[in-house]
Amino acid sequence: MEAKVAELRTRLQDISDIGGAISILRWDQYSYMPKGGAASRARQVAALARIAHGLQTAPRLGELLSELAAEVATRPAEDELRGIVLEAKRDYDRGVRVPERFVVERSAHTAAAYEAWCGAREANDYRVAEPFLHRSVELSREYSSFFPEFKHPADIHIDDSEPGMTAELLRTLFAELRAQLVPIVETLCACAPPADDFLFRHFPSADQVAFGLDVIRRFGFDFDRGRQDFSPHPYSTTISLGDVRITTNINEHDLMDGLSSTLHESGHGMYQQGIRPVFDGTPLSYGASTGVHESQARLWENLVGRSREFWTYYFPKLADTFPGQLGGVSLEQLVRAINVVRRSKVRTNADEVTYNLHVVIRFDLELALMTGELSTADLAEAWRERYRADLGITDLTDKEAVLQDVHWYDGLLGGSFHGYAIGNVLAAQFFDAALAACPDIPAEIAAGRFAALHGWLRDNIYQHGKMFTPAELAMRATGKPMSVEPFIRYLRAKYGRLYGVAL
Ligand code: ZN
């Protein structure tokens, strides 16, 4: 048994190391690589993806996993080896269903589609990217065809990123979320919005970066095991558990844009840094799901970073950093300004209340693309129609609409959008549980201390990596199944108070 475990760990480590090498090539592509490197980078990543796929589907790995799975099956759910073996087996069983030529083509196409998206954004013209998106949809559907046992073509993509979820379950969850959100949005958008013009003055990049770095250092982001750089679409990536990278994107004329990204990505980064070291080099060295990962990012970005308590500590420092720009602005005005609720064009800039409506639109469009009900040729128009109908927004350019973010242009479709909404829902549920366990957290935050919150998250979420499914993790950490109730309650309490209305 010991020899088998040692062999398994070596094999998994190799797969993980190649994954880490791909991650650093992609990180470089998204941050520093000159345009001229695109073709060779696509080739390099595709070559590594082919090697990883070979290791991932090696018959010897399959044998080892079958033998070990039988031996660990009766161990308790908390057993680390059991977790590693079962997750690796799940990856193996899925990996062998996908032909190598598909893996290579997907990888090469992903790189090309990303470049096309960058070009299309520059030209503000969806037609530049449309053929690439068309191909992405074809590849996504082809991937689904390898798993005919799933009912909806998006189901395998959803299950890959959110184990246990299906298109149908998400439709139900989103219908409930939407029904609760729409009246709240109506009420808040009917109020006169608080002044927020001072957030759009000129805030020099270097000062913004220094401020953001100070915040995330205090949050507990470990710079000995991570770093922050810049990319057009902020994101986080893990090279290994000792090397977790995040990026941000500073807008000198929008104070909260870069800061939100920094806080958000630090949440992803701290999750990775908090995973138990024994899981490094195994398939458990990631979060439980994209939704749970997103919950950790949204928690620090919004439940902490847009709270009165956080700014009680940080506002004097912000005012010192930008005395000219924020002269005469009070703490109360700042808190109201950074929590303005308005129907906006771009999801990433949306407030906490309207944000999920963007996700629901995007999810519906994505499902329609996956089933073939909607073609990529008609997508730009369908997008505009939904924004008009659901958010009352007109006159969208391609850059503000169908090209607004990198999703759909950096991989397959069908597996990511729901994660954003699940993230918001779970963030509130986890935060609630943390407050119940440590009632001092708000007072600590107001004093610039984040260790109690970080500690609760590390103990209850981070350390487990991908050991438990999202449903199991929610139950363990909060004692309840996933529910939209804490999120809606949080919105009602916070925005009712900020706007002085009953919600
Ligand atoms: Zn995120």
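The values are calculated or read from the model by the stated rules, or taken from the named source; none is laboratory data. Keep in mind the model is a prediction, meaning the values are calculated, not measured. Glycine also receives a Cβ, built like all others from the backbone with ideal geometry; neighbour counts cover every protein chain displayed.
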Report task. State whether one or more residues within the stretch 194-217 are within 30 Å of R106 (Cα to Cα), outside any loop (DSSP other than H, G, I, E, B) and among the hydroxyl-bearing types (S, T, Y). Result -> no
Query raised in the report: Only one residue in S231, S240, S205 is more than 22 Å from E309 (Cβ to Cβ) and within 15 Å of the ligand (Cβ to nearest atom), so which one is that?
Result: S231
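A quick yes/no check of all residues on (1) under 26 Å from the mean Cα position of the chain (by Cα); (2) without any contact (Cβ under 8 Å) to a residue 12 or more places away in the chain; (3) more than 28 Å from F468 (Cβ to Cβ):
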| position | (1), (2), (3) |
| --- | --- |
| R9 | no, no, no |
| L25 | yes, no, yes |
| G37 | no, yes, yes |
| L48 | yes, no, yes |
| Q56 | yes, no, no |
| L68 | no, no, no |
| R75 | no, yes, no |
| R94 | yes, no, no |
| A113 | yes, no, yes |
Query raised in the report: Do the conditions hold for K35, that is, is it of a type in the set (K, R) and within 16 Å of T282 (Cβ to Cβ)?
Result: no
Query - Single condition R343 does not satisfy, out of (1) away from the ligand (no atom under 16 Å from the Cβ); (2) assigned to a helix (DSSP H, G or I); (3) in contact with a Gly (Cβ under 9 Å, 6 or more places away or on another chain) - result: (2)
Requested in this report: Could you please find all residues in the stretch 158-176 being touching an Asp or Glu at 6+ places or on another chain (Cβ under 6 Å) and assigned to a helix (DSSP H, G or I)?
Outcome: A167
Requested in this report: Please specify each residue of the stretch 286-328 satisfying the condition of being among the polar types (S, T, N, Q) and within 11 Å of the ligand (Cβ to nearest atom).
Outcome: T290, S295, Q296
Query raised in the report: In the stretch 243-264, what count of residues is obtained for those that are among the polar types (S, T, N, Q), farther than 17 Å from E294 by Cα and in contact (Cβ under 8 Å) with a residue 12 or more places away in the chain?
Result: 1
**Report entry** Those residues of the stretch 56-71 which are part of a helix (DSSP H, G or I) and either touching a strand residue (DSSP E or B) at 6+ places or on another chain (Cβ under 8 Å) or surrounded by 18 or more Cβ atoms within 10 Å (Cβ to Cβ) (or both), in sequence order
**Finding:** Q56, L61, L64, L65, L68
Query raised in the report: In the stretch 351-401, which residue that is small (G, A, S) and not in a loop (DSSP other than H, G, I, E, B) is farthest from L181 (Cα to Cα)?
Result: A377
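Quick grid of which residues meet (1) under 22 Å from E138 (Cβ atoms); (2) not aromatic (F, W, Y):
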position	(1), (2)
E381	yes, yes
E385	no, yes
R388	no, yes
Y420	no, no
Query raised in the report: Quick check: is even one residue across the stretch 422-432 surrounded by fewer than 21 Cβ atoms within 10 Å (Cβ to Cβ) and either under 18 Å from F132 (Cα atoms) or not acidic (D, E) (or both)?
Result: no
Query - Single residue of F150, F102 found to be of a type in the set (F, W, Y), in a helix (DSSP H, G or I) and either crowded, with 19+ Cβ neighbours inside 10 Å or over 23 Å from the mean Cα position of the chain (by Cα) (or both) - result: F102
Query raised in the report: D280 is checked against (1) under 16 Å from L473 (Cα atoms); (2) away from the ligand (no atom under 11 Å from the Cβ) and fails just one. What number does that condition carry?
Result: (1)
Requested in this report: Being assigned to a helix (DSSP H, G or I) and of a type in the set (V, I, T) is the filter; apply it to the stretch 234-279 and report the residue that is surrounded by the most Cβ atoms within 10 Å (Cβ to Cβ).
Outcome: T262
Query - Residues being assigned to a helix (DSSP H, G or I) and either more than 24 Å from V45 (Cα to Cα) or within 22 Å of the chain's Cα centre (by Cα) (or both) - total across the stretch 117-138 - result: 10
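Residue-wise test of (1) touching a Phe, Trp or Tyr at 6+ places or on another chain (Cβ under 9 Å); (2) touching a residue at least 24 places away in the same chain (Cβ under 8 Å); (3) assigned to a loop (DSSP other than H, G, I, E, B); (4) under 30 Å from I22 (Cβ atoms).
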residue: L403; (1), (2), (3), (4): yes, yes, yes, yes
residue: G419; (1), (2), (3), (4): no, yes, no, yes
residue: F431; (1), (2), (3), (4): yes, yes, no, no
residue: K466; (1), (2), (3), (4): yes, yes, yes, yes
Query raised in the report: Among H464, H454, which is more than 30 Å from L369 (Cα to Cα), crowded, with 16+ Cβ neighbours inside 10 Å and touching a Gly at 6+ places or on another chain (Cβ under 6 Å)?
Result: H454
Query raised in the report: What residue, of L435, L457, L491, L498, is at pLDDT 95 or above and either closer than 30 Å to W117 by Cα or in contact with an Asp or Glu (Cβ under 8 Å, 6 or more places away or on another chain) (or both)?
Result: L491
Query raised in the report: Restricting the search to the stretch 298-315, which residues are over 21 Å from the mean Cα position of the chain (by Cα) and aromatic (F, W, Y)?
Result: F310, W311, Y313, Y314, F315
